[in-house]
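> Pasting in a structure now, in structure tokens, and then I'll have a few things to ask.
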Amino acid sequence: METASQVAGCAWAAWIGFNLQMVAFAATALPAHQVHFDGFRARLPASLPTMLAPAEIAAAVAHEHGHGRHLHNWTNPLHRCLLLNPGLQRRRRQEIEAGVYAAAGGHGALASALRKLSNHPDDVSRAERL
Ligand SMILES: [Zn+2]
């Protein structure tokens, strides 16, 4: 007969397994038009050169590398494994950290790339601050 702690342990192990799978399959789960960092490299949609200038593409790649530099793609699943909600504030802070990383590398075209790729209020706000 299983105790409640054994059941909870099995549920938590399954949750950790699920989150590890999400890291592995995030690249396939995200929309094809979305620029993102998959934990190992920046992934760019094939249509990006038709949407952005080369400097804007470099800025978008630098932004995604900023996520990698700050280990966002690893700390977020770790938080979920520990049953901590990453939260909107944390995600916004991570986007700012990645943007600052790109800007520090001299990729000033990030604001114009953001304006072209998204009309989400958070992205509009970030573009205004860059
Ligand atoms: Zn980002």
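> What is the Å³ per residue value for the convex hull set by the Cα atoms of the stretch 28-130?
99
> Just want the answer: with Cβ charges of +1 for Lys and Arg and -1 for Asp and Glu, which residue in SER5, MET22, ALA109 is farthest toward the dipole's positive end in the chain?
ALA109
> Next up: Once you've got the GNM for the chain with C-alpha springs shorter than 10 Å, pick whichever of GLY87, GLY66, GLY105 has the biggest mean-square fluctuation.
GLY87
> Using the Cα centre as the reference, give the magnitude of the dipole from point charges on the C-beta atoms of the chain (Lys, Arg: +1; Asp, Glu: -1; all else neutral), rounded to the nearest 20 debye.
Using Cβ point charges on Lys, Arg, Asp and Glu, the chain gives about 180 debye.
> Could you report the stretch 4-129's accessible area per residue, 1.4 Å probe, as an integer in Å²?
61
> Mind ranking LEU84, LEU52 by accessible surface for me, highest first, 1.4 Å probe?
Heavy-atom accessible area, descending, gives LEU84, LEU52.
> At 1.4 Å probe size, with the rest of the protein present, what percent of the exposed accessible area of the chain is carbon and sulfur atoms?
In the chain, the share of accessible area belonging to carbon and sulfur is 64 percent.
The values are calculated or read from the model by the stated rules, or taken from the named source; none is laboratory data. Small disclaimer: the values here were computed from a predicted structure and weren't measured. Glycine also receives a Cβ, built like all others from the backbone with ideal geometry; neighbour counts cover every protein chain displayed. For the accessible areas, the whole protein counts, side chains as well, though only heavy atoms, and no ligand, DNA or RNA atoms are used. Shrake-Rupley method; radii C 1.70, N 1.55, O 1.52, S 1.80 Å.
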